1. If you take the residues in the stretch 403-421 that are among the hydrophobic types (A, V, I, L, M, F, W, C) and at pLDDT 95 or above, which one is nearest to Leu431 (Cα to Cα)?
2. Please state which of the following conditions Val343 fails to meet, knowing it meets all the rest: (1) touching a His at 6+ places or on another chain (Cβ under 7 Å); (2) surrounded by 24 or more Cβ atoms within 10 Å (Cβ to Cβ).
3. Being touching a helix residue (DSSP H, G or I) at 6+ places or on another chain (Cβ under 9 Å), open to solvent by 10 Å² or more (accessible area, probe 1.4 Å) and not small (Gly, Ala, Ser) is the filter here; which residues of the stretch 393-411 pass it?
4. I'm told Leu250 meets every condition in (1) crowded, with 20+ Cβ neighbours inside 10 Å; (2) closer than 17 Å to Leu156 by Cβ except one. Can you identify the failing condition by its number?
5. When Thr622 is evaluated against the numbered criteria (1) at pLDDT below 95; (2) of a type in the set (Val, Ile, Thr); (3) assigned to a helix (DSSP H, G or I); (4) within 28 Å of Arg578 (Cβ to Cβ), which criterion, by number, is the only one it fails?
6. Among the residues of the stretch 428-442, are any part of a helix (DSSP H, G or I), among the small types (Gly, Ala, Ser) and more than 26 Å from Arg602 (Cα to Cα)?
7. Sort out which residues of the stretch 347-381 are aliphatic (A, V, I, L, M) and open to solvent by less than 10 Å² (accessible area, probe 1.4 Å), and write them in order of number.
8. Could you identify the single residue in Val613, Val577 that is at pLDDT 95 or above and open to solvent by less than 70 Å² (accessible area, probe 1.4 Å)?
Amino acid sequence: MIGRLSTHILCACAVAFALSGCTTVQFVELREKPPNPILERLTQTAYGGPGPSAQTWKFLSGSGYCGATDFAQMLLHTRNQIGGENHSQALRAAAEISYLAAQSAVKNDRGLAMELCLDAARYSWIRFTETDSAGRMKDPNAATQRETVEIYNTSLQELLRLARDSGDYQLGKPMRMPISKQLVDVDVPFPSPWISKDQLGAFDFVSNYELKNLRNRHTKPGVGVPIMVRRARTISSDPLEGYYAEGLSLPVTVVARFAATAWERNNDETVTIQLFDPRESDGVVVNNNLLPLESDLSTPLAWYLTDPKKKLLETFAFFRSDRAQNLEGLHMITPFDPDRIPVLMVHGIWSSTNTWMEMFNDLQSDPVIRDKYQFWFYQYPTGEPLTFAAANLRDRLKEMRIKCDPHGQNEKLDQTVVVGHSMGGLMAFLLTIDSEDKLWNGLSKLPVDQIKGNQDTHNQIKRVFFFETDRSIDRVVTIAAPFNGSGYSNTFTRWLGGSLVSLPNTTSNLSELIFRQNNQSTWDRIFAPRTSLDSLKKNSAVLNLVNHSTTPDDVKHHNIVGVSKGQSLENWTDGVVRFRSASRNDVDSQVQVTASHSDVQRHPKTIAEVRRVLMEHLEDVTQRKYPVTPVNYEMQQHRQPQSTAQTP
């Protein structure tokens, strides 16, 4: 008996694994040693330590330096050259030598090392912010400037690292330098809903981590130190606070500003550290010049996602849907913005919101999409029947709308795009249609008014089985959705799922009441629909509704089908859902991707198609608001990328 039960459990796990968009919880790994772009070009001293670069040695010898490899003597010499005919070279050399001196001092005198790092950042800042006669600065990413910028970035990072490791420094708070007592103030030039001093928690450096399990690391070179900051929750009356996940990490770029002519330190001068959100700021303005920010959007996301506590979340939410109700709900990982269009992402069976992070990572790197869209994610217990899960999603969207837009006047919320994978694709589709009485009639032989039950029971029946189109949904993208069911939903797996999956009492009691009052036989009641696996049976009531419905004319439907096996159209499959089940003839576009069921939503072609859909959506929204046809319309249409189907 125990052996048979173990076999059954293993079979259930295999089925659910195949149906899932199985995700990982390990997205970053701590590096043994962070990369240092300065060290690559340094020489070695007689004692084996890092010495000045060949360029600095050339400056020293060319300017008459005859001393030994002593950083103090070198600094004194280079400082004396600043302001002379070799001014720019002297600034760069002073910055590099100050950094080397800091590295030499760090073991025995961390306070001195911090002061020298500040000097290195000052010299390099003054060097790369110099202007020509027209007031223009050189591109900090140009070859002639990049080395100096790297000294600045690395020195500032080392200063922040030493300050943090001292235990006394808190991001967002001013600090005093340990020896000179010079004040280093903090400024957030462009506060956002989350980048404010009271929400800055613990931070770490993106350079400390190696990215794992995300295909692309979206970075940009420029000025500043990319860090990631844990968002600190505040006591707030904001009704949306509950939608923000605990431990969210935010990308921030740190810039230290110095007076343009402060070649030598003035301890009465206030150095200002500025914090920028690289998703919102294009750069830092210095003397009417916009310098690009060094940024990393991917590592902060991966840092947030790496949480061992989430390792069993997908399994728990499938088998113990009764205890996972507190996990159900809409979540945001960026602040709500009334001026951005929502993109809602819904995962499938035995999965979680993590399944979307490859796509989200790539989409958020696009400045147009980042500027026009905000991303929401729906997490739910995936063992629940599709009808109940879809009803919960409808309720959460209504609640969200009331909190975001109590007067119903925000047009952006009426332009929502929903992207769903697997069963999440079916949920996305169900948001767009009216059930009328079709779903109920496919499930029950009795009219709804003949069902015996209290008012709460009838309210639940109405909530789950009778629904209307959500008018806020403007467009849907379905990915590997089993419109005609899945072969994995067979008699054995459905019975096994019903035996192992624990549902909330409200769900199981309502289902039992309906089946009992329909006078089903004992055999029928044993195999009566109970879980999400039952919903994916080809002739289930909810799939019959799906296959006899289409989205309204004003709602666009885009479909993506995965194919990883099969020699012909008849047996093409993604390993879980057959091509004929996942494809539809009534959609606005359909793309075929060579990928398995659990990988299709992460595939570059899928992500490219979703991006294309979002860009098309922007054009349609603009056209509806400003219905004017440009004179070069045909040319624009010709330039637009067209989606095509790929035969595996």
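The values are calculated or read from the model by the stated rules, or taken from the named source; none is laboratory data. Remember, predicted model here, so these are calculated numbers, not experimental data. Every residue, glycine as well, gets a Cβ built from its backbone with ideal geometry; the counts of neighbours run over all protein chains shown. Side chains are part of the model used for accessible areas, which takes the heavy atoms of the whole protein and leaves out ligands, DNA and RNA. Shrake-Rupley method; radii C 1.70, N 1.55, O 1.52, S 1.80 Å.
1. Our first condition is that a residue be among the hydrophobic types (A, V, I, L, M, F, W, C); within the stretch 403-421, this holds for 404, 413, 417-419.
Narrowing the set further to residues that are at pLDDT 95 or above leaves 413, 417-419.
Details: Leu413: 14, Val417: 11, Val418: 9, Val419: 11 Å.
So the residue we want is Val418.
2. Condition (1) is where Val343 drops out.
3. Residues of the stretch 393-411 touching a helix residue (DSSP H, G or I) at 6+ places or on another chain (Cβ under 9 Å): 393-395, 400-401, 403-405, 408, 410-411.
Now narrow it down to the ones that are open to solvent by 10 Å² or more (accessible area, probe 1.4 Å): 394-395, 401, 403-405, 408, 410-411.
Residues satisfying the conditions are Arg394, Asp395, Arg401, Lys403, Cys404, Asp405, Asn410, Glu411.
4. The number of the failed condition is (2).
5. The single condition Thr622 does not satisfy is (4).
6. Taking the stretch 428-442 as the starting set, the residues that turn out to be part of a helix (DSSP H, G or I) are 428-430, 438-442.
Adding the requirement that they be among the small types (Gly, Ala, Ser) leaves 428, 442.
Applying the additional criterion that residues be more than 26 Å from Arg602 (Cα to Cα) yields 442.
Within the stretch 428-442, one or more residues are part of a helix (DSSP H, G or I), among the small types (Gly, Ala, Ser) and more than 26 Å from Arg602 (Cα to Cα).
7. First, the residues of the stretch 347-381 that are aliphatic (A, V, I, L, M): 349, 357, 359, 363, 368-369.
If the condition is that a residue be aliphatic (A, V, I, L, M) and open to solvent by less than 10 Å² (accessible area, probe 1.4 Å), then Ile349, Met357, Met359, Leu363, Ile369 are the ones that fit.
8. On the way: Val577 fails: at pLDDT 95 or above.
Exactly one residue qualifies, and that residue is Val613.
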